[in-house]
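The values are calculated or read from the model by the stated rules, or taken from the named source; none is laboratory data. Please read these numbers as outputs of a predicted model, since none were measured by experiment. In case anyone asks, the SASA skips ligands and DNA or RNA and just uses the protein heavy atoms, side chains included. Shrake-Rupley method; radii C 1.70, N 1.55, O 1.52, S 1.80 Å.
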Amino acid sequence: MAAKVFESIGKFGLALAVAGGVVNSALYNVDAGHRAVIFDRFRGVQDIVVGEGTHFLIPWVQKPIIFDCRSQPRNVPVITGSKDLQNVNITLRILFRIGEDYDNRVLPSITTEILKSVVARFDAGELITQREVVSRQVSDDLTERAATFGLILDDVSLTHLTFGKEFTEAVEGLHYSEYTFLLPHPRNHCEIS
């Protein structure tokens, strides 16, 4: 009698384990900030976008492809030339969404392309005095270009702007000479006794 009870408990346990395995393979989770599309082996990619939560699928027939929809930052450093042929080091901070591995494959190349084309329209002095205009132009052009690849850019900003060593030394030398010119000369002081 006890053997039959243990045998039936064993069969029940095995059936429960198999059922649990099937149910587990039919469930998938979509985390917060993510979306999923379903790839069906017979019908291809489904048109429905699945939101956050736990969802069902047909095991071994359907597979979820999960995308991260949160804004992700990327800093892209570029060395380019200005209109007056000065070397310019620019770092652009980009907040973007959507795209599987696009930040490594697409974003650096289109950012370099856009930055070089925009910076070449300005001379070194204009890059400093019209920084907001340059930033807005880069943002507009880059947003438009990224849209062709399905990338959504939330924010684009110039975070770092420096010039070549020779130009920087020339500007610093000019500031030093202006500063020493404005200092009172010792001969011009008179002592009052």
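A few points about this structure:
- Å² of accessible area per residue within segment 67-171, as computed with a 1.4 Å probe and no ligands counted: 54
- Residue-wise HN-Hα couplings along segment 31-46, as the Karplus relation 6.51 cos²θ - 1.76 cosθ + 1.60 with θ = phi - 60° gives them from phi, are 6, 4, x, 10, 9, 9, 10, 9, 9, 9, 5, 9, 10, x, 6, 7 Hz; Gly and Pro carry x.
- Counting only lysines at least 8 places from Lys11 when in the same chain, there are none with an alpha carbon closer than 21 Å to its own.
- Over segment 20-175, relative contact order from alpha-carbon pairs under 8 Å, at least 6 apart, %: 21
- Hits among lysines - C-alpha to C-alpha of Lys83 under 29 Å, sequence gap 8 or more where chains match: Lys116, Lys165
- Heavy-atom accessible surface of segment 1-137: percent carbon and sulfur, 1.4 Å: 59
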